[in-house]
Amino acid sequence: MSSKVTTAIAAVPEGAWTAVKYPRAIFDGQLGCWVSDAEVAETGHTALAQDKDLAVTARLIVRRARDQNEKAAQGTDELLPVWRCHAVFADSPFEPIPAEACHRRHAIVEQVFADVYDGPLAHLPSGHFAANAAWPAIAAMAHNLLRAAGSLASLPYAKARAATIRRDLIAVPARTARHGRGRITLHLPDGCHRETEWLNLRETACGPPAQAA
């Protein structure tokens, strides 16, 4: 969202926005809530305009969601609506609304790829064909287990990067102690700043199954 992009968005006429309601609500991390209503518009934009050899003119597809008035419960009304905008620069031939939804899905997939490349797929490529065939399956299992572990630990970890989950919940310098009857106790470090989340994960994963109502 450079100054030129925000200027282009501000120049979009008010009548050019099309209201959309997604069948699945979108969680807005900055607002901390689920957003299902938004508006989409399209305008033109030239990227790298300062360099004539690299300048590219294409579509700027913008989705805007209305910001919540946090002080509405206190009786403080807003004078003007505040919008939060997300722009996509593309040459897609689709209509604005399908194109914006398509690129939003691309962003989700790219985030998953970034997590996997930062983890198990960092071992590729290998000089052994069998290893190259095995690592994608291992990466998929590790990614699914990490996402499940983060969801069981806490809501913030359900949205955290895989590297954060590995650092805070898995690579914990704990100490094991074996008792006389074979029972093993895991001692966390003193002052562990993620003790609550780690215990949530352990109790949910290793505790007794929930009783049926």
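The values are calculated or read from the model by the stated rules, or taken from the named source; none is laboratory data. Owing to the predicted nature of the structure, the values given are computational and were not obtained by experimental measurement. We place every Cβ from the backbone using ideal geometry, glycine too, and count neighbours over all the protein chains shown. The protein model used for the area step is the full one, side chains on, heavy atoms only, and it has no ligands, DNA or RNA in it. Shrake-Rupley method; radii C 1.70, N 1.55, O 1.52, S 1.80 Å.
The condition (being touching a helix residue (DSSP H, G or I) at 6+ places or on another chain (Cβ under 8 Å) and either open to solvent by less than 80 Å² (accessible area, probe 1.4 Å) or not basic (K, R) (or both)) is satisfied by just one residue among R166, R161, R84, R104: R166. Looking across the range 115-130 at every residue that is part of a loop (DSSP other than H, G, I, E, B) and not aliphatic (A, V, I, L, M), the one that is nearest to L199 (Cα to Cα) is identified as G119.
Regarding the range 113-130, can at least one residue be identified that is at pLDDT 90 or above, at negative phi, in contact with a helix residue (DSSP H, G or I) (Cβ under 9 Å, 6 or more places away or on another chain) and not small (G, A, S)? No, the range 113-130 contains no residue that is at pLDDT 90 or above, at negative phi, in contact with a helix residue (DSSP H, G or I) (Cβ under 9 Å, 6 or more places away or on another chain) and not small (G, A, S). Under the condition of being among the charged types (D, E, K, R) and assigned to a helix (DSSP H, G or I), the residues counted in the range 175-199 number 2.
Within the range 86-114, if we keep just the residues that are outside any helix (DSSP H, G or I), under 23 Å from K4 (Cα atoms) and not aliphatic (A, V, I, L, M), the residue that is nearest to the chain's Cα centre (by Cα) turns out to be H86. Just to be sure, is L54 open to solvent by 40 Å² or more (accessible area, probe 1.4 Å), modelled with pLDDT of 85 or more and part of a loop (DSSP other than H, G, I, E, B)? Yes, satisfied. The set of residues from the range 131-174 being more than 19 Å from the chain's Cα centre (by Cα), part of a loop (DSSP other than H, G, I, E, B) and not aliphatic (A, V, I, L, M) comprises just one member, P173.
Output yes when any residue across the range 195-211 is open to solvent by less than 80 Å² (accessible area, probe 1.4 Å), small (G, A, S), farther than 18 Å from D118 by Cα and out of contact with any His (no Cβ under 9 Å at 6 or more places or on another chain), and no when none is. For the range 195-211, residues open to solvent by less than 80 Å² (accessible area, probe 1.4 Å), small (G, A, S), farther than 18 Å from D118 by Cα and out of contact with any His (no Cβ under 9 Å at 6 or more places or on another chain): present.
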